[in-house]
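For reference, the structure is listed below as structure tokens.
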Amino acid sequence: MTIERIIRIMAGFFILLSLALGVEESPLFVSRWFLAFTAFVGFNLLQSGFTGFCPPEKLLAKLGVKRGNGGGCCS
């Protein structure tokens with residue numbers, strides 16, 4: 001699995017989890033403050049698109065995860 005794919009999976013998972021924990025109608029509801037985490041993930045995706053800086057990408061590269069062929073979101 002490549003860095004790009006792992007980052008997409010992580011972002012999607014964190015968004016869905018924070019929505020499940022932050023929306024009152026959810027059976028997993030804990031607090032509306034989890035919606036702030038949804039916004040944080042979205043903001044990081046947005047800034048990464050403009051700047052190319054992605055902290056998880058740096059961490060995964062140091063852990064030895066291979067990069068993709070340039071077709072991903074963090075090439």
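One table, with the values for the structure above:
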{"quantity": "Highest-MSF residue in the chain out of Leu45, Leu63, Leu16 [GNM, Cα springs under 10 Å]", "calculated": "Leu63"}
{"quantity": "Rounded to the nearest 20 debye, dipole of the chain from Cβ charges on Lys, Arg, Asp, Glu", "calculated": "380"}
{"quantity": "Positive-end residue of Gly64, Ser18, Asn44, charge dipole of the chain with Cβ unit charges", "calculated": "Gly64"}
{"quantity": "Local electrostatic count at Gly12 - Lys and Arg +1, Asp and Glu -1, tallied over other residues with Cβ under 15 Å", "calculated": "+1"}
{"quantity": "Residue-normalised accessible area of the chain, expressed per residue, 1.4 Å probe, Å²", "calculated": "72"}
{"quantity": "Integer Hz, Karplus 6.51/-1.76/1.60 couplings in order for the stretch 53-61, x for Gly and Pro", "calculated": "8, 9, x, x, 4, 4, 5, 5, 5"}
{"quantity": "Angle in degrees between helix 34-51 and the longest Cα principal axis of the chain, rounded to the nearest 10", "calculated": "20"}
{"quantity": "The stretch 1-67: relative contact order as a whole-number percent, Cα under 8 Å and 6+ apart", "calculated": "38"}
{"quantity": "Distance between modelled label sites at Glu24 and Arg8, nm, 7 Å Cα→Cβ extension", "calculated": "3.6"}
{"quantity": "Cβ-Cβ FRET estimate between Leu59 and Leu16, R0 fixed at 30 Å, reported to 0.05", "calculated": "0.90"}
{"quantity": "Dmax and Rg, reported as Rg then Dmax, of the chain (C-alpha, Å)", "calculated": "14.1, 41"}
{"quantity": "Accessible-area composition of the stretch 1-41, carbon plus sulfur, in percent [1.4 Å probe]", "calculated": "74"}
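The values are calculated or read from the model by the stated rules, or taken from the named source; none is laboratory data. In this text the structure is predicted, and so the values were computed from the model without any measurement. As a convention, Cβ positions derive from the backbone with ideal geometry for all residues, glycine included, and neighbour counts pool all protein chains shown. Keep in mind that these areas ignore ligands, DNA and RNA; they rest on the heavy atoms of the full protein, side chains included. Shrake-Rupley method; radii C 1.70, N 1.55, O 1.52, S 1.80 Å.
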